[in-house]
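The values are calculated or read from the model by the stated rules, or taken from the named source; none is laboratory data. Since the model is a prediction, treat every value here as computed from it, not as a measurement. Ideal geometry is used to build each Cβ from the backbone, glycine not excepted, and the neighbour counts take in all protein chains shown. Please note that ligands, DNA and RNA were not included when accessible areas were found on the heavy atoms of the full protein model with its side chains. Shrake-Rupley method; radii C 1.70, N 1.55, O 1.52, S 1.80 Å.
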Amino acid sequence: MLYDEKSLRDTATTYGQAHLFRFWEMLNEAGRQELLSNLAQVDFPLMQRLIDTWVENEPSLERFKQIDPVPVINLDAPDGDAAWQAGEEALRAGKVGIFLVAGGQGTRLGYAGPKGTYPVAPITGRSFFQYHADKIYRLQECYQCVLPWYIMVSETNEEATKHYFEENNYFDLSPDNIIFLKQRMMPCVDTNGKFLLQSPSALAMNPNGHGGCIPAMVENGVLDDARKRGVEYLSYFQVDNWAIKVADPRLIGYHVLHQAQMSSKNHRKNTPREAVGVHCICDGEYRVIEYSELDIYPQLLETDAAGHVKYYAGNPAIHVISVDFVQDIYDHFDKFPWHRAFKKIPYVDESGKLIRPETPNGYKFETFVFDALRFIQHEPVAVEIERDGEYTPTKQFEGDNSVMAARKSMNRFWAKWLEKSGVAVPRDEAGECMVNLEISPRFALTEGEFLAKSEDKNWKVDGDFALDNTGNIIIVS
């Protein structure tokens, strides 16, 4: 596709970004088309609004008169069985789709490739994508349904992600039910509001955040596809959580019973400063306050007499969103909040030399999906979860929220299953599992299913132990 140079040059000039053409004369035709293609993606009026709001003027922070803990549906809630049944009915009726945010790279894991392809499992090398795919496969078997899988990628990893699925035969799922969509990119700007170039022919850009799933669903035909299939609810999660229950009947059921627009899972924060957002009610409106803003609202750091965090509803980024609500948010997306991050952004200077700054030099703009909660018209549906077997985010290789922590959580989680089935698991003096454990989600999704299938097995764990899709021990040479 050829782009109109004059039109795009005029637009850039009108919005004070004429400098983007400073290298035009030195570019070949491919470079010129790359630059024009980048510019054609830009929503210039939106960018000007963000620059006016976040760069030209420092916006005042929100202040709330009253902040209350969000009412949480606890693990032992008396209507849990009814919610589970309602969720199972929705699954059997084909009313559920899967929406996965997978636009990131594995850079912080020390890995060159899309984060979803990272081999997080210590024995088999099963990737995040494969864990999610295996769970979808088993759920479709259990409920005799089709779970369409919508995967939001970014410009940086789209091609590699699609290739990974192709070379793995879509993990035995139907390619017709796996739909890739690409989120928008946003130009990065310097402290004067000028767009940065990452090369003479390309803008420095970043994905528009996980809140970008809202326009991406509408503009890429996801909502149309979902409606044609009879899908009413989308199970939303992010790629770097191996433990996710990809379509949890419990959460889906509460969403259905409450006729909700958007429902969320919550985990109990370990400490007041744990690096997760906090679900709460601010002046009567549902909000998630980011952990970076905790000092602005000191009451969110309070503990009770027993030392427990009062505002404990941490945000694991797991939701169920009604299809109609996505459309409604999109129709009013001009009111959706944006966020700014001050970052170190590589750029080319006026001579065309690539500069890698040692300190933050510019702004990235993004949206967060949890901000959609402020627009709901119903009572909050916030459902408590346990961490092991549900939430193990993986942001780096070691430390908190890491690959090593994820693998320890696998061992803790599956050790309980094995020990309940009568299999001894080696533990150290502190009670920690001393071996690596893996159980394929295709063999068992739940502890109950595992116990039922393990009755006639004679397993012995005397080293690393993994079970394949049919419950056979995997021999690793």
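Largest to smallest in accessible area, the residues D428, D4, D240 fall in the order D4, D428, D240 (1.4 Å probe, all protein chains included).
The relative contact order of the chain, computed from alpha carbon pairs under 8 Å that lie at least 6 residues apart in sequence, is 19 percent. Distance between the C-alpha centers of region 6-61 and region 330-372? Whole Å please. Centre-to-centre distance over Cα atoms comes out at 14 Å. For region 1-115, with all protein chains in place and a probe radius of 1.4 Å, 49% of the accessible heavy-atom surface sits on carbon or sulfur. Rounded to the nearest 20, the size of the Cβ-charge dipole of the chain about its Cα centre is 460 debye, with Lys and Arg at +1 and Asp and Glu at -1.
Mean separation of Cα pairs under 8 Å and 6 or more residues apart, divided by the residue count, gives region 87-246 a relative contact order of 32 percent. The simple Förster model, with R0 at 22 Å and r as the Cβ-Cβ distance, assigns A341 and T156 a FRET efficiency of 0.80.
Modelled spin-label separation between D428 and L451, with each label point placed 7 Å from Cα along the Cα-to-Cβ direction: 3.0 nm. Here I123 and L46 are evaluated by their C-beta separation; at R0 = 45 Å the FRET efficiency comes out at 0.45. Please tell me which of these pairs span more than 32 angstrom C-alpha to C-alpha: K65/K408; K265/K453; K395/K453? Cα-Cα > 32 Å for K65/K408; K395/K453; rest within.
For percent of Cα pairs over 29 Å apart, the value computed from the atomic coordinates appears in the list [x] 54; [y] 63; [z] 49 under label [x].
Annotation for D79 and L61: the two label points, set 7 Å from Cα along the Cα-Cβ direction, are 3.7 nm apart.
With +1 on each Lys and Arg Cβ and -1 on each Asp and Glu Cβ, how big is the dipole of region 277-384 about its Cα centre, in debye rounded to the nearest 20?
Using Cβ point charges on Lys, Arg, Asp and Glu, region 277-384 gives about 520 debye.
Between the listed residues I329, Y312, M262, the Cα displaced farthest toward the positive end of the dipole of region 258-329, a dipole computed from Cβ unit charges relative to the Cα centre, is found at Y312. The distance between label points at Q327 and N270 comes to 4.3 nm (points 7 Å beyond Cα on the Cα→Cβ vector).
Seen from E398, the other residues with C-beta closer than 12 Å to its C-beta sum to a net charge of +3, counting Lys and Arg as +1 and Asp and Glu as -1.
Net length available on complete extension from W24 to T53 is 7.4 nm, with 0.36 nm assigned per residue and the Cα-Cα distance removed.
All other residues whose Cβ lies under 9 angstrom from that of F128 are scored, Lys and Arg at +1 and Asp and Glu at -1, for a net of +1.
Once the other residues with Cβ under 11 Å from the Cβ of V101 are scored (Lys, Arg +1; Asp, Glu -1), what is the net sum? Taking every Cβ under 11 Å from that of V101, the sum is 0. Principal axis extents of the Cα atoms in region 113-172, from largest to smallest and rounded to whole angstrom, are 35, 29, 16.
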